[in-house]
Amino acid sequence: MVRTYKRKTTRASTAPETMLKAVRQVLVFKKTIRGAAEEFGINYRTLARYCTKIPREEVEGSAEHPSCTVGFIGARQVFSPELEAELVSYVLMAADVYHTLPPKAIRKLSYQLAKAQSLAMPPSWKENKQASADWFAAFLKRHPLLSVRTPEPATLASAFSKDMFYVKIKALMERHCFKPEDIWIMDEMGVSTAQRPDRIVARKQTGSLASDRGPLVSISCVSSASGGTIPPYFVFPRVQFREHFLTGAPSGSSGGAHISGWMREEQFVDFLEHFVRRTECSLQRPCLLLLDIHVSHLSIDGLNFAKANGVTLLSFPPNLEHSACGPLKKCINAAIDSWMLGSPGRSVTIHHIPGIVATALPQAATADNITAGFKACGIFPLNPNASNQPGFITDCPDAPVSNGSDSTRNAPDPLCPDPSTTHPKPTLETRLDWLACD
């Protein structure tokens, strides 16, 4: 279908009851189609079509309106006007906190929303796991406030996002009274089999052992403000995950598979399940999970799972990195060097990565490194002046901050609802309030 098509003529509209009277004149009173069409002001070809479309019993009976639809029916839209208006509001809100979404991210999110709401959608949406480009073009035409443009650099306004981040995290800590062991941060990094050796001291133009080019395995490590950790989550560059991929990994590790080796929406849901199992968080014992802004975290299924299990998600920019990730990369790199020196003639493969991580993780993820990372980010103890990097909230609906009174402390929590109550299917507003607070 041409996206810029404009109809040259206007369509005539005929009331359903008028069409039924005209058909009744033809079929019951034996009037000619042309004569009845001229009498009621209907195109005779249209009247001839409805003479076979309207059921005979309705024509011969006393019905006042036909059961079939009459007149032009426009293209069926996937979302209702209310849902689409909330989607527009969400996109604008994301732009206001400097988390502008590219077209592909909006198309993926629209598909996830339609699937979660059990809406009828074109087959191409299901095949590609995202809305079509034609739908997105029509979506922009229906909402002139939105446009595809090159983002401008954030300058002084970035400070607002930073202030928002620390204001929200303070409100969350006061509202939920999070203990250090309930505040977690997720570090995601990729370990490539194409090893880059550490620097050495030797003669000029000397060489060092290096592995061949190869794929990578991404690792998600989670640590708490108390200095504790949970077993890592691996994503292997395969189509299907097999349990033997985790041979040699730290005890309790979990994993998934994606052809790129990086986490995507499906693996993010699996990671959240792994996180809930290891931390034992629940609606009665909620926890805070800090993670970076990545398209894989834009998953309605994952965020609904997090809310249902008492996990409050709070996002920050990728450059606000936890300082424990740097030592871990260095320790992994050193462990790969040692492995290659002890295995001459062999190359590192993805199956060696879990064992190498098991060796390097205890050296890097020490309690001192972890707590120093939280302190450097200004997260715990809370210190907005500790970092000059902007951040923003991704799972914090506005709520009164606890002042110690019972009325505020016992107020209903949209993130951690009362498990004794039943809840209807969440609306778009409740599904998307994790990005920012109105």
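The values are calculated or read from the model by the stated rules, or taken from the named source; none is laboratory data. Quick caveat, the model's predicted, so the values are computed rather than measured. A quick note on method: Cβ atoms are made from the backbone with ideal geometry, for glycine too, and the neighbour counts reach across all protein chains shown. For the accessible areas, the whole protein counts, side chains as well, though only heavy atoms, and no ligand, DNA or RNA atoms are used. Shrake-Rupley method; radii C 1.70, N 1.55, O 1.52, S 1.80 Å.
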Subject >> Rg over Rh [alpha-carbon atoms, Kirkwood Rh] for the range 66-144 >> reply: 1.03
Subject >> Surface accessible to a 1.4 Å probe, Ile293 within the full protein complex, Å² >> reply: 40 Å²
**OP:** Sort Arg107, Arg76, Arg149 by accessible area with a 1.4 Å probe, largest first.
**Re:** Arg76, Arg149, Arg107
**OP:** Mind ranking Phe178, Phe241 by accessible surface for me, highest first, 1.4 Å probe?
**Re:** Phe241, Phe178
Original post:
Could you sort Asp292, Asp134 by accessible area so the largest value comes first, with the probe set to 1.4 Å?
Top reply: Asp134, Asp292
Original post:
How big, in percent, is the set of alpha carbon pairs in the range 36-82 lying more than 11 Å apart?
Top reply: 76 percent
Original post:
How much net charge surrounds Lys21 when only the other residues with a Cβ under 10 Å from the Cβ of Lys21 are counted, with Lys and Arg +1 and Asp and Glu -1?
Top reply: -2
**OP:** Go through 109-117, 275-283 and give me the packing order, highest mean Cβ count within 10 Å leading.
**Re:** 109-117, 275-283
